[in-house]
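**Q** Quick one: the structure is below, and I'll ask about it shortly.
The values are calculated or read from the model by the stated rules, or taken from the named source; none is laboratory data. Since the structure is predicted, the reported quantities are computational estimates derived from the model, not experimental observations. Ideal geometry is used to build each Cβ from the backbone, glycine not excepted, and the neighbour counts take in all protein chains shown.
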Amino acid sequence: MCRLGSAYVFVASGKSTIFRRLTAKDATARNGFGSYVTADDSTIVVGSGEDATTSSAYIFGRGSDVSLWHDLKTITLENP
């Protein structure tokens, strides 16, 4: 069984709740995607501690439609 990480976005919209599942475009099993999350109104950063030598931050953004989140950028750092 492959265990890919996910982050979920829930937005109240009138009487309903909209949710979206965010995943890494380069996802691998057990890479830690979703280990760290920070968000504001239109940007979400999801962290991934892939292994002892590499970590990544996935930046998602949205426009005026609260249900559409886009993968904007991935930043990968080599850990010392």
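**Q** Would you mention how many residues in segment 7-17 are modelled with pLDDT under 80 and touching a strand residue (DSSP E or B) at 6+ places or on another chain (Cβ under 6 Å)?
**A** Our first condition is that a residue be modelled with pLDDT under 80; within segment 7-17, this holds for 13.
Next cut, touching a strand residue (DSSP E or B) at 6+ places or on another chain (Cβ under 6 Å) only: none.
Qualifying residue count, segment 7-17: 0.
**Q** Another question, if that's okay. What number of residues in segment 22-51 are at pLDDT below 90 and either exposed (fewer than 10 other Cβ atoms within 10 Å of the Cβ) or in contact with a helix residue (DSSP H, G or I) (Cβ under 6 Å, 6 or more places away or on another chain) (or both)?
**A** Number of matching residues: 3.
**Q** Hey, could you check segment 57-80 for residues that are more than 18 Å from Arg21 (Cβ to Cβ) and assigned to a strand (DSSP E or B) and say which is modelled with the lowest pLDDT?
**A** Glu78
**Q** In segment 23-73, how many residues are β-branched (Val, Ile, Thr) and farther than 18 Å from Phe10 by Cα?
**A** Our first condition is that a residue be β-branched (Val, Ile, Thr); within segment 23-73, this holds for 23, 28, 37-38, 43-46, 53-54, 59, 66.
If we keep only those that are farther than 18 Å from Phe10 by Cα as well, we get 28, 53-54.
Adding up the residues that qualify gives 3.
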